[in-house]
Every structure is written in structure tokens, then in C-alpha cells.
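Accompanying notes for the structure given below.
The values are calculated or read from the model by the stated rules, or taken from the named source; none is laboratory data. If you're wondering where the values come from, they're calculated on a predicted model, not measured in any experiment. Glycine also receives a Cβ, built like all others from the backbone with ideal geometry; neighbour counts cover every protein chain displayed. Keep in mind that these areas ignore ligands, DNA and RNA; they rest on the heavy atoms of the full protein, side chains included. Shrake-Rupley method; radii C 1.70, N 1.55, O 1.52, S 1.80 Å.
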Amino acid sequence: MKSQAYRMAMLYDFYGDLLTQRQKEFFDLYYNDDLSLAEIAENYDITRQGVRDIIVRAERTLEDIEEKTGLIQRHQHTRSCIAVLQELCDQLQALNRAKLESNKEVQLLCMQLQKAIEELEKD
């Protein structure tokens, strides 16, 4: 259940603005505020099934958008690549420092690589 909630949170973060206002409200109450279907239904004076239908439709919409665009998948891949680059940069810097005479060219390349990693992290 937790992984489903996490996935829905990611989908909502990426694509939530594409939902209708009602879908956004119910989705937010259900996933972020942890209200039950019955609680939402009572607050909006509709049936529990009506709330469920709106949330399921929102989930399906978000899943369909991700299937078509793949933005979350690409985002996660990019994050993994950044982590690998950061680790390699750290190892290279450590090796360079471990030498008695640190190579200035290697140090400069490491600094440039670190700046590139920071730029990727901004996105």
C-alpha cells in the first residue's frame, strides 16, 4: 500500500495540475490528508462510491499521462545517473588528494564535473 501511495504522490506532483479541480481536491484529501472515502463523501454530501469514482478516474488519468510521457521514469533514471556521477567525482577527488602532489588539471576537471552535477540537480 505504501508504494502505491508513493507512486500516486509522484504522479500527482508531476501531473496534478492536469486534473479537474474536483479530482485534485478529492485526490489531495484522500492521499495527502489521509481522509477516508466516507469522510470525504460526508464533507461534500455525496456518496462514498461517488468519491471513489472520482479518485479512481484521477488515478487512471495520472497513470495514462505517465504512460504516454514517461517523465517520472526519466526523472528517476536521471536521479540515478546523477548519484553515480557524484560518487565517481568523489572517488576521483579522493584519489587525486591521496597523491602527494595533487594534479591541478584533475582537480579542475573535478570542479567542472561537480558544477555540471549541480546544474542537473536543479532540474
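Computed quantities for the displayed model
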read-out: From the options E87, E63, E105, residue that is of a type in the set (D, E, K, R) and under 17 Å from Y6 (Cα atoms); value: E63
read-out: Residue identified as of a type outside the set (D, E), part of a helix (DSSP H, G or I) and open to solvent by 40 Å² or more (accessible area, probe 1.4 Å) among Q49, Q23; value: Q49
read-out: The listed residue being closer than 30 Å to D13 by Cα, at pLDDT below 95 and either in a loop (DSSP other than H, G, I, E, B) or among the β-branched types (V, I, T) (or both), out of V56, V84; value: V84
read-out: Total residues in segment 96-114, condition of a type in the set (D, E, K, R), assigned to a helix (DSSP H, G or I) and loosely packed, with under 10 Cβ neighbours inside 10 Å; value: 2
read-out: Residue match in segment 87-95 (condition: open to solvent by less than 80 Å² (accessible area, probe 1.4 Å), in contact with a helix residue (DSSP H, G or I) (Cβ under 8 Å, 6 or more places away or on another chain), assigned to a helix (DSSP H, G or I) and touching a residue at least 40 places away in the same chain (Cβ under 8 Å)); value: no
read-out: Verdict on Y15 being assigned to a helix (DSSP H, G or I), at pLDDT below 95 and closer than 24 Å to L71 by Cα; value: no
